[in-house]
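Comments concern the structure below.
The values are calculated or read from the model by the stated rules, or taken from the named source; none is laboratory data. Just so we're clear, the structure is a prediction, and the values are computed from it rather than from any experiment. All Cβ positions, even for glycine, are placed from backbone atoms using ideal geometry, and neighbour counts span all protein chains on display.
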């Protein structure tokens with residue numbers, strides 16, 4: 001018997017609604033297509049603040065937070081940046097609620113030397129308004145900008161060497177965090193790749209450390225990087241994090257949320273189309289028609305300006321690995337959908353936002369990492385698509401970039417990709433010169449641009465899909481140049497794309513559709 005979130009389509013099935021960037025499209029899928037839907041949202045905690053207090057007073061693998069506190073201590077609190085969750089969480093963000101409780105406890109123990117650092121690694125600096133949304137007005141007004149600021153991975157005086165792992169990975173982290181008496185990390189966990197040792201060992205690091213795991217060799221290792229049990233990426237994080245936790249006094253606080261991404265007017269996006277009410281079918285058709293008439297900027301604003309009504313489902317604190325084990329279990333409860341057997345073809349839409357395009361346009365390189373990287377890797381066990389199979393995505397692949405955030409991306413896409421799509425070649429030939437480019441580094445340090453090494457990482461993160469898939473077909477691209485540059489084929493309609501795939505896989509071709517968003521993750525067993 002199949003899982004209730006897996007539907008097999010028949011002749012009477014309605015068309016499926018799919019994201020195509022900031023548009024929605026309807027696709028008639030062939031009879032026999034398996035469609036995987038997200039689970040319904042878990043119920044939120046009845047009293048989040050009480051759960052926070054309980055977690056820090058009853059931690060996993062650690063003494064309670066209050067037992068670690070002494071008057072006059074130097075405390076650093078590191079906080080996840082805006083890359084998670086997607087879309088942003090409706091205020092109050094759970095990180096504000098955690099910070100409020102933690103700061104009260106620090107004050108009760110006579111601790112006023114408190115610094116808060118946004119753990120951006122090579123992500124762009126958050127703007128004041130974005131930080132305010134995460135931490136709330138009271139904390140922002142009291143601490144920003146002198147005691148609440150973005151991590152700067154390129155500050156020559158702001159980084160400090162911690163040690164080298166048994167695998168030869170050098171750990172260099174934010175100097176203030178390393179020299180603190182206590183480092184508290186406040187995490188909002190959205191995908192199983194995040195949290196755990198990744199929080200400190202990556203979020204507060206720089207190029208000296210990132211180069212060991214954000215590289216093609218690591219991303220090509222077997223197993224989904226969304227599955228920490230097998231991920232080579234996760235194993236590197238763990239080695240570096242364990243070394244860090246031996247050298248530093250670290251207390252981890254992790255939070256989980258449900259997948260209630262869309263509020264009532266758009267809640268039908270989370271439901272199987274055959275279960276839509278007449279009103280929901282009308283709302284769907286109306287929104288599709290409206291988005292088609294609007295200019296791109298207005299379409300994007302419709303989605304961006306509606307924060308998600310996520311609910312908090314878990315608070316876990318203590319020693320990093322011990323707390324994270326509970327985080328992963330709660331995340332799996334929300335996201336994992338079991339499925340048997342791989343398909344010849346995997347179909348999925350590409351949504352309007354990624355962790356690296358908050359308040360910006362989803363440029364072609366980020367479309368690539370969403371398809372070949374994140375969405376392809378949303379599985380445990382086996383990939384949803386067979387080795388050499390086909391992935392069909394829906395997106396316009398517009399040749400457009402945010403000039404402030406993604407300055408180095410433009411040169412990468414139009415300078416490096418025409419020369420080579422081979423990750424190892426670009427890693428050896430081009431990455432270092434980008435990473436040291438003074439103009440790009442200045443834009444990262446003083447503006448709101450991603451680090452110049454970041455576009456390379458985005459290409460590397462697509463390695464799992466590129467190494468596994470036989471071809472990728474884009475439906476609805478508004479140009480031929482970008483898909484060809486990415487190594488993809490194009491089709492005007494879903495029917496055309498499926499016929500192209502059938503020419504490779506034959507008339508008995510099997511098809512699976514992953515119906516995102518909201519978030520889901522398949523546990524696929526061939």
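Each row is one residue, and each column tells you yes or no for (1) over 29 Å from residue 305 (Cβ atoms); (2) touching a residue at least 60 places away in the same chain (Cβ under 8 Å); (3) crowded, with 19+ Cβ neighbours inside 10 Å.
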residue: 80; (1), (2), (3): no, yes, yes
residue: 85; (1), (2), (3): no, yes, yes
residue: 90; (1), (2), (3): no, yes, no
residue: 93; (1), (2), (3): no, yes, yes
residue: 96; (1), (2), (3): no, no, yes
residue: 103; (1), (2), (3): yes, no, yes
residue: 109; (1), (2), (3): yes, no, no
Scan the stretch 131-141 and tell me whether some residue there is within 23 Å of residue 238 (Cα to Cα), not assigned by TED's automatic domain parsing to the domain that holds residue 438 and not in a helix (DSSP H, G or I). no
Of the residues 435, 443, 477, only one is in the same structural domain as residue 489 (by TED's automatic domain parsing), within 22 Å of residue 213 (Cβ to Cβ) and buried (at least 18 other Cβ atoms within 10 Å of the Cβ); which? 435
Inspect all residues belonging to the stretch 158-167 and state whether any of them is at positive phi and either surrounded by fewer than 19 Cβ atoms within 10 Å (Cβ to Cβ) or not assigned by TED's automatic domain parsing to the domain that holds residue 70 (or both). yes
Candidate set: the stretch 174-192, residues that are at pLDDT 95 or above and touching a helix residue (DSSP H, G or I) at 6+ places or on another chain (Cβ under 7 Å); chosen: the one surrounded by the fewest Cβ atoms within 10 Å (Cβ to Cβ): 182
Residues (assigned to a strand (DSSP E or B) and either buried (at least 22 other Cβ atoms within 10 Å of the Cβ) or touching a helix residue (DSSP H, G or I) at 6+ places or on another chain (Cβ under 7 Å) (or both)) located in the stretch 339-359: 339, 343, 344, 345, 346, 347, 348, 349, 350
Of the conditions (1) exposed (fewer than 14 other Cβ atoms within 10 Å of the Cβ); (2) in contact (Cβ under 8 Å) with a residue 40 or more places away in the chain; (3) not assigned by TED's automatic domain parsing to the domain that holds residue 133, residue 72 clears all except one; give me its number. (3)
Residue that is nearest to residue 3 (Cα to Cα), among those in the stretch 360-374 that are in contact with a helix residue (DSSP H, G or I) (Cβ under 8 Å, 6 or more places away or on another chain) and not in a helix (DSSP H, G or I): 362
Any helices (runs of 4 or more DSSP H) falling wholly within the stretch 402-495 and containing at least 2 residues that are touching a strand residue (DSSP E or B) at 6+ places or on another chain (Cβ under 6 Å) and within 22 Å of residue 233 (Cα to Cα): none
Please go through the stretch 295-332 and give me each residue that is surrounded by 15 or more Cβ atoms within 10 Å (Cβ to Cβ), modelled with pLDDT under 95 and outside any helix (DSSP H, G or I), ordered by number. 306, 307, 308
State which residue is farthest from the chain's Cα centre (by Cα) when the search covers only the stretch 497-526 and only residues that are without any contact (Cβ under 8 Å) to a residue 12 or more places away in the chain and part of a helix (DSSP H, G or I). 503
